[in-house]
Structures are given as structure tokens and as C-alpha cells.
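Here the structure comes first, spelled out in C-alpha cells, and everything after it is commentary.
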Amino acid sequence: MTRKRIQIKKIDNISSRQVTFSKRRKGLFKKAQELSTLCDADIALIVFSATSKLFDYASSSMQQVIERRDRHSAMHRLDRPSMELQIESDSNDILRKKVEDKNHELRHLNGEDLQGLTLQELQKIEEHLKRGLTNVSKVKDEKVMQEINNLKRKLHSLQLSATMFDYVAHTGCGTNAGKPKIETGLKECILSGLLSVDGLKVLHMDRNDYYGGASTSLNLTQLWKRFRSDDKPPEDLGSSREYNVDMIPKFMMANGALVRVLIHTDVTKYLNFKAVDGSFVYNKGKIYKVPATDVEALKSPLMGLFEKRRARKFFIYVQDYDQNDPKSHEGLDLNQTTARQLISKYGLEDDTIDFIGHALALHRDDSYLDEPAKDFVERVKIYAESLARFQGGSPYIYPLYGLGELPQAFARLSAVYGGTYMLNKPECKVEFDENGKAIGVTSEGETAKCKKVVCDPSYLSDKVQKVGRVSRAICIMSHPIPETNDSHSAQVILPQKQLGRKSDMYLFCCSYAHNVAPKGKFIAFVTTEAETEHPEVELKPGIDLLGPVDEIFYDMYDRFEPCNDHEADGCFISTSYDPTTHFETTVKDVVGMYSKITGKVLDLSVDLSAASAATED
């Protein structure tokens, strides 16, 4: 049976077009790779999709191939025959004559040098000016219509006061140079997207003209202005526009909750991700790769020979554990057995417990040891599964151009499903009825009526309580973190016991590989739960691990949690961002708020392979 010949024409169905593009692009790159291997050819391919996504392949180095092509073109131009040079010289003379003629015409149109012109020439100029006047009138009419449309939009804004929204989502009044401001936080954007997908009417208000709020991304000039009141950073750091410095940097677990939310809402189509190079843990003054499987446990220098065998047995138990298969439980009820009891069964040493509990299960302190072991085992299992998913050096992924893309993507999703966004809105005030229940938000004399309000802790300061502070250092470097195998992106976790502290310390590093800095530059964060008022001293153990830094900024911010009765007042308040450099605690808060707001559990049972294409380099 012969295959049907496919007619080469544009595919009308968008889904079929995307599938065909993906398959044929991969085939094109495969053929290029085969040609390079078979014939020792130097090949570079650049492809832009219909959505302007860049895909490229180079058999050696894309930059080297392009430079080689430029050199070849330059040599070709030098070897042209003298006849071509003569033609080029003649062309220059013609162009010079045309420029002179055009200058004469321009002077005539300005009413200059008219005395020597004939009557016909003067009539021609008059007709030309009439046509120009007609075009000017047309553009003027278009500008007038734009002004009319702007007035109509303002009228629509005023009419919002007569509209009942299910939810008004925004973050609250932070401080910047002593002035209160309202921002669009990442948690609020995720929630607005989820609620809009559910068919609810959402109004998202923001005083700024950008998305992200406390979790926004700053260029170099904005970073200097925020922390040093100076908009002129050193020139040797490179172009300001090439920096995307995330204020709350966090990696995403490849099989974690945030990736499931992205797939659930189909936000992956707005974003591109790249795998993070390394995941490390600090132990006894050195940095080690985090072992997450029985095979890695046997290879890890973190443990001695006998401890490796014990750890291997523990990892095999975790990998085989299935909640629905009692045989895999080995007689243990993890809803009753504590993590401490489970670990003691395998006789693991304190240092091993340290990196498993803090670098794999991602617990922030040791309180998990006396809690049911089920959550602990599931966390370690997700880490191992995420690590195996892309077979890289870590279980994490990160968006190209930084986390600033995430709020915008969820805002776009909300808008697609009918959500309303109002930027540049001055300080908003939540309105309550006589029973203390939120009924709307007022800004510039207009009130948007709603049933519930979603905000961050700084907006309703009388309904939250302070639970701690975060100390952080933002560093610009010209090298990767030492002892991380030259990883261009990495996380290093310093467990509390290794530092003699009450909480862990986190190192985050990203670079030009994720398009967050110019080539050769790295952005590093050192964060921890503040235990003193001196971040320079408190963060020193982490900063010392970074090596030389070009620039460093210190900062502290308070952490708050809601203490209100959301059922009584209709206000749903998120918690402040913690010092962790991963998204697990952030998404836990978002999913919890979603359940409180809607009264149902968010179903995150999705096909994780749907996001695999988005992680291609």
C-alpha cells in the first residue's frame, strides 16, 4: 500500500500545525546531525516558529559557524573582479545625483528657489502639497479617534463600580522609598488564572504598570535604583537590558506542584524552560552533589562504605513505595510511623539524615522528624522522579528570562478566560459591610463590587501576624559557584546543623545560560531565616562559598501569615515568601488558598510529559 502524497501548503488546523512543526523540526535537526557526522561538515541551523520561539542546532558552536560565514563573505567581496568595482562606483555616482535632486525637490516644497521654475513645475509642486495636506488630515483624524477610544475605556473603567465580581485579586501596600504601593504578586497571578479557568469573574488590580510585585524581575538600572538609589551601575557589568534579576528566585521541581499547575492551566505554551545544572548540599565545609537514588548513593563521597549500603536500602524502599500497594510498605503504616522511626529502621547517620531531610525532602527544619513519614517519603520520591525526568544534574527547571515571565503568563491566561486587569491603579481600600465582610475595593473614587478579596499580607496589616524575617544577599559574579562542577545554574542547601543554626541557608545561582545576565555573568542569592539583625554577618558562611563577587546587595524583609477568619470576612491572604530557593512551599500556599476560596481540591493529576517540549534548549 503506497503512502498518500501530502500536498505542501499551510496547515489550517493550529494543533496539527504545531505537531507537524515539532516533528519536522526534530527531523530537520536529526538530518543535520547525520550530515555533520557522516561528512564531517560544519552545520548551523536557526528556526523561528510561528509564535516566534527560537530553535537552533550547531554541530560545533553556533557563534563559530556564524563568524566563519562572515569571514567567508568578507573574503568573497574582496575577490570580486574590477568590473564589479567600476559598476559599484557608477552606482554611487547615480545615487549621489539622486540625493542632489531630492534636496532640490525638498527646497521647492519649502517654498525656496522657485524663481527659475516653469508654470508646469509650479503646478506639480502645488498638487504634491495638496496630497500631503490630505495625508496630514487623515493622520490627524486617526489621532482624534484614538483619543475618543481612550475616553471610552475610561468610561468602561467607571462602569466597573456597577459590576459584581466573584473575586478581586491584588497584593498590598509594600514600601519603596517610603511610599506605599500595590503590586501584582506571583501567588495572586497564579490564583487569578486558576479562578478564571474555573469560570469565575476576576478583577486584578495593580498600582504599578508591570506584573510581579515582590517577585518581579529587575534590570541592572532598576536593581541599582532600588538598593543604592543610583541609576548608573558600573559599565563593566554589561548592558542593563540583558539582566533579569528575580527578587524572589526559586527553582521548579520538574515533577513538582507548580509544573502540574502550569500543565493544568496550559500556561506552558507561553513559557520556555531549561533544566538547572546542579543540586548540591553543604557538609563539613565542602559542597557535594545530592544523591537521590540507590545508584547515586553508592557513588557519593558524602558517605562511608557501610553508610552507603544503608542509604541504598532506604532509597530502594522509597523508590518502590506505592500507597496503593501494601506489599511495598514492608509492614509500616506511614500515616502512623514518624520519619524518625522510619529512618532509625535503616540506621542512617546524622549527616545522612541531614541531606535527605533538607536537600531531598526540602524540609526547612528538623520538625518533620516527629511527623508522619508519608509526606517525607513522598517528597524524596518526587525529588528522585524529577531528577530522572530530564536526566540532568538536578531535579529542577527554570524559565528562560527569569521568573518575571510567570506572572505575565498567568495574567494572559486569566485575560483569555475573561479576567479583567487594571494596572496603574492608586492605593486601593477594601470596603466592608456592617458585619465586617468584604464587599468591594475602592480606587480613585470608583468601587469594584466583589464577593471575596485575595491579597498579600501587607494589604490588610490588621489581619496578619509577623512570623519572622528573611535575610538575603544578591550577588553579581563573573564565575559559577566553586565546587559545583562549573554549573551555570545550581542550588546549594546548607542544613541548619552544619552551620549551628535554627534554620537552613540557601544558595541560588543562575546565569546567561537562562538569559538572566550578559554572557559571562552570574546572579547568586544567599538567603536564610533571619536570626539576627546583621545580614552581612549571618550570611557570611554562604557568601564565602561563592568566591569573588563583583557586586553585592544586602536586604531584609518581614514574613507574615494571615490570622483572620476568611469565612467571616471574605478576605484570603497569602503568606509572605520564605527564604527557600524552590517553589514547593509557595505552591503549597497557592493550592491551599484555592481550596479555601472555592471549597474544592485542585485536581493536579495531569500528563507531565505535556511540558517536556518546553524544556528544550
Neighbours by Cβ (under 6 Å, 6+ apart or cross-chain): first from the range 470-484, assigned by the TED database to the domain that holds Glu536; second among the hydroxyl-bearing types (Ser, Thr, Tyr) and surrounded by fewer than 22 Cβ atoms within 10 Å (Cβ to Cβ):
Val470/Tyr557; Ala473/Tyr554
Over 22 Å from the mean Cα position of the chain (by Cα), open to solvent by less than 30 Å² (accessible area, probe 1.4 Å) and without any contact (Cβ under 8 Å) to a residue 12 or more places away in the chain: is that true of Ser344 in this structure?
no
Considering Leu28, Leu45, which residue is out of contact with any helix residue (DSSP H, G or I) (no Cβ under 6 Å at 6 or more places or on another chain), hydrophobic (A, V, I, L, M, F, W, C) and modelled with pLDDT of 85 or more?
Leu28
Restricting to the range 347-360, count the residues that are part of a helix (DSSP H, G or I) and open to solvent by 60 Å² or more (accessible area, probe 1.4 Å).
1
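Okay, residues lined up against (1) within 19 Å of Ala254 (Cα to Cα); (2) of a type in the set (A, V, I, L, M, F, W, C); (3) touching an Asp or Glu at 6+ places or on another chain (Cβ under 7 Å):
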| residue | (1), (2), (3) |
| --- | --- |
| Arg310 | no, no, no |
| Arg340 | no, no, yes |
| Gly347 | no, no, no |
| Asp366 | no, no, no |
| Val380 | yes, yes, no |
| Gly393 | yes, no, yes |
I'd like the full set of residues that are assigned to a helix (DSSP H, G or I), in the same structural domain as Val590 (by the TED database) and open to solvent by less than 10 Å² (accessible area, probe 1.4 Å), limited to the range 246-298.
Leu258, Val259, Val261, Leu262, Thr265, Val267
Which listed residue is crowded, with 21+ Cβ neighbours inside 10 Å, farther than 24 Å from Thr265 by Cβ and at pLDDT 80 or above, from Ala388, Ala438:
Ala438
Looking at the structure I just gave you, is Thr447 open to solvent by less than 10 Å² (accessible area, probe 1.4 Å), farther than 22 Å from Met247 by Cβ and in the same structural domain as Phe432 (by the TED database)?
no
So Glu112, is it over 30 Å from Tyr417 (Cβ atoms), modelled with pLDDT of 65 or more and assigned to a helix (DSSP H, G or I):
no
Flagged in the range 477-488 as out of contact with any helix residue (DSSP H, G or I) (no Cβ under 6 Å at 6 or more places or on another chain) and either surrounded by fewer than 21 Cβ atoms within 10 Å (Cβ to Cβ) or among the hydroxyl-bearing types (Ser, Thr, Tyr) (or both), in numbering order, are Ser478, His479, Pro482, Glu483, Thr484, Asn485, Asp486, Ser487
Per the filter on the range 458-470, residues open to solvent by 10 Å² or more (accessible area, probe 1.4 Å) and at pLDDT 80 or above are Leu460, Ser461, Asp462, Lys463, Val464, Gln465, Lys466, Val467, Gly468, Arg469
Within 20 Å of Arg228 (Cβ to Cβ), open to solvent by 10 Å² or more (accessible area, probe 1.4 Å) and among the β-branched types (Val, Ile, Thr) - does that describe any residue in the range 533-546?
yes
Just a yes or no: is a residue in the range 364-373 modelled with pLDDT of 90 or more and of a type in the set (Lys, Arg)?
no
Those residues of the range 395-429 which are open to solvent by 10 Å² or more (accessible area, probe 1.4 Å) and modelled with pLDDT of 85 or more amount to Leu400, Tyr401
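The values are calculated or read from the model by the stated rules, or taken from the named source; none is laboratory data. Nothing here was measured: the structure is a model prediction, and the numbers come from that model. Cβ coordinates were reconstructed from backbone atoms using ideal geometry, including for glycine residues, and neighbour counts include every protein chain displayed. Note: areas computed on protein heavy atoms with side chains; ligands, DNA, RNA excluded. Shrake-Rupley method; radii C 1.70, N 1.55, O 1.52, S 1.80 Å.
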